[in-house]
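Report on one structure; see the data block that follows.
Please treat every number below as a calculation from the coordinates, not as lab data. Since this is a predicted model, take the numbers as computed values, not measurements. Backbone-built Cβ (ideal geometry, glycine too); neighbour counts: all protein chains shown.
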Amino acid sequence: MAEETITFTLPDLGEGLVEATLLDWEVDVGDHIARNAPLVEMETTKSAVVIPSPHDGRVVELHAVPDEVVRVGAPLVTFAVAAADGPRAGIVGTVPEEESRPRRRVRLTPPTE
Amino acid sequence: MTELIEHTADTTTGPVVELSMQQALNRALHTLLAENSDTLVFGEDVGTLGGVFRVTDGLQKTFGTDRVFDTPLAESAIMGMSVGLAMNGWRPVPELQFDGFAYPALDQIVNQVARMNYRTRGAVPMPVTLRLPSFGGIQAPEHHGESLEALFAHTPGLKVAVPSDPGEAYRLLLQSVRCEDPVVFMEPKARYWDKRPVELAEPTEPVGTGRVVRRGSHGTLIAWGAMVHRCLQVAELAAEDGVELEVLDLRWLTPLDTDVLAASVRRTKRAVVVHEAPLTAGLGAEVATRVTENCFGDLAAPVQRVTGFDVPYPAGPLEPQYLPTIDRVLLAVQRTLEY
C-alpha cells in the first residue's frame, strides 16, 4: 500500500504557551502507533501532559530529544501513514460511497394507458 | 433506455475539464475574483486553510489577504459585515461553514440582507452571495446536515440556488455572484467529491430556470441538490421495469420555474417531488401546489412527496434511513401508477 509522510508539529498545549520541554518519548523510530495512543510526554510551565498520537502509522523521525525545549509549531515527529486512494473528506464528515449497482426491492408496474 | 439530455445548450463553448464539485466551485470563485476587483471572499477558515471542503483552496494566495480572508467564528458578524460591504459597493461572497450555523446569522440575513433593496426603494442593492455547504449524506455531527431551503425560499428578497453537479455548480455560482440580488447558494455536501467533465463556459440560461436532466413519459421526479442524483438512480431502475421517468432539476428554488414544472407534468401526468428536508411545510408542498394549480386536469394521480421525516436531523448512522431511499421513491412512483 502506498504511504505518505505527515509531520506533526507541537500544538499550543495551554492558553497561549509558546514552548514546552520534551520529557520522554513513548515511541521509538520504526514503531507502529495507533491513533490516540500515548506519543510523547511534554512539560509546560503549567503541567506535564501526554500527547496522544494524531495518526495511525509508523514513526519515521523524532525531531527532538528529551529535555529539549520545543517551540510551538516546530516539528515534533514524522509519521508514515497509508495513503488514501479515493477522495478525502475534509475536517468534518466522510466521503459518501457510491454503489456501482444501486439496490432496490420495489418493482414497478408500467401504466396500461 | 431513455436518453440523457446533454446540457450543452445551456452554455457557450468553453474548455472541458474533469472536475469535482469542490474544484468546479473553486474555479468559479477564481473567475469571479479575477473579473471584478470588488468581489471579496471571506468566512471561517476560507483563507489560510482554503475551506474545510477545499472550495476556497489557493484563493488567498492568488488574490491576497485583502480580498480572501478569515473571519472570527461569528456567523452573525460575517453576514453583518456583508451588509456593510455591499452598502459600500463591494460584492461580498461570504461562506457560513455549515448549514446549521446559518441560524445565528438569520437576523442579518432576513432583517437586513433580504430587505435592504426593498427598504431603500432600490437605492441600496445587496449583491451578496452566501455560500452555504448544506444538506446531509456525509455522516457529519449534529448541525452539519440541515436543509434550510424552505426557510430561505420563504424570505422575500432572497434568491435560492442549489447546484446538483460540478458543471451546474460552476455556472450557478457565476450567475449568483454577478446577480444584483442576494443569493443563498446551497452546496450539497454529499456531491462535493462527485467528478465529471465540466465545460468552463458562461451560463446562458436566465436566473430562475429549472432543467430537464432526463426525459421520460410516465411520470416526473422533481428534485434539487443531491436528490437529483438519487432521482436519476431511480429513473435508471424504473426503466428496467418499463417505466420511463422524467427527472427535473429545479436548481433555483426562488424564483421557482413553474413553467418547466407544468410543461413536464402536463406530458407525464404524474409528479413525485423528492427532498431531504422534513415533510411538513417543506418546499415539496410548494412544488405540489404549483403543479396542482397549473396541471390539475392533467394529473392522473395526486402529487407525491418523498422527504426526510418530521424529526430533527439524525446522527450519522441513521442518515441512510432518514434520507429518501431508492425504494421510498419507487413506492411513491408506484402509488401514482396504480392510482
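With a simple spin-label model that places each label point 7 Å from the Cα along the Cα-to-Cβ direction, the separation between residue B:310 and residue A:46 comes to 4.8 nm. The simple spin-label model puts a point 7 Å past each Cα toward its Cβ; for residue B:123 and residue B:202 those points are separated by 3.3 nm.
With both residues required to sit in the protein assembly as shown, DSSP beta bridges show an antiparallel share near 55%. If the segment from residue B:209 to residue B:318 were pulled out straight at 0.36 nm per residue, it would be longer than the present Cα-Cα gap by 35.9 nm. Between residue A:6 and residue A:18, the modelled label-to-label distance comes to 2.9 nm, taking each label 7 Å out from Cα in the direction of the beta carbon. Here segment B:288-303 is scanned for amide nitrogen atoms under 11 Å from the site 7 Å beyond the Cα of residue B:267 along Cα-to-Cβ, giving none. Here is the list for segment A:39-113: trypsin sites (Lys or Arg not before Pro) lying in DSSP coil, each with at most 14 other C-beta atoms within 10 angstrom of its C-beta, are A:46, A:88, A:103, A:105, A:107.
Among the GluC sites (Glu not before Pro) within segment B:281-339, those in coil by DSSP and having at most 15 neighbouring Cβ atoms inside 10 Å are B:338. Within segment B:110-132, whose backbone N sits under 16 Å from a point 7 Å along Cα→Cβ of residue B:293? It comes to no residues whatsoever. Here's the picture: a label point sits 7 Å out from the Cα of residue A:26 along the beta-carbon direction, and within segment A:65-97 the residues with their amide nitrogen under 18 Å of it are A:65-67, A:76-80.
Rounded to the nearest 20 debye, the dipole magnitude of the protein assembly as shown is 1860 debye, with +1 charges on Lys and Arg beta carbons, -1 on Asp and Glu beta carbons, and the Cα centre as origin.
How high is the FRET efficiency between residue A:72 and residue B:300 when r is their beta carbon distance and R₀ equals 56 Å, given to the nearest 0.05? E between residue A:72 and residue B:300, to the nearest 0.05, is 0.25.
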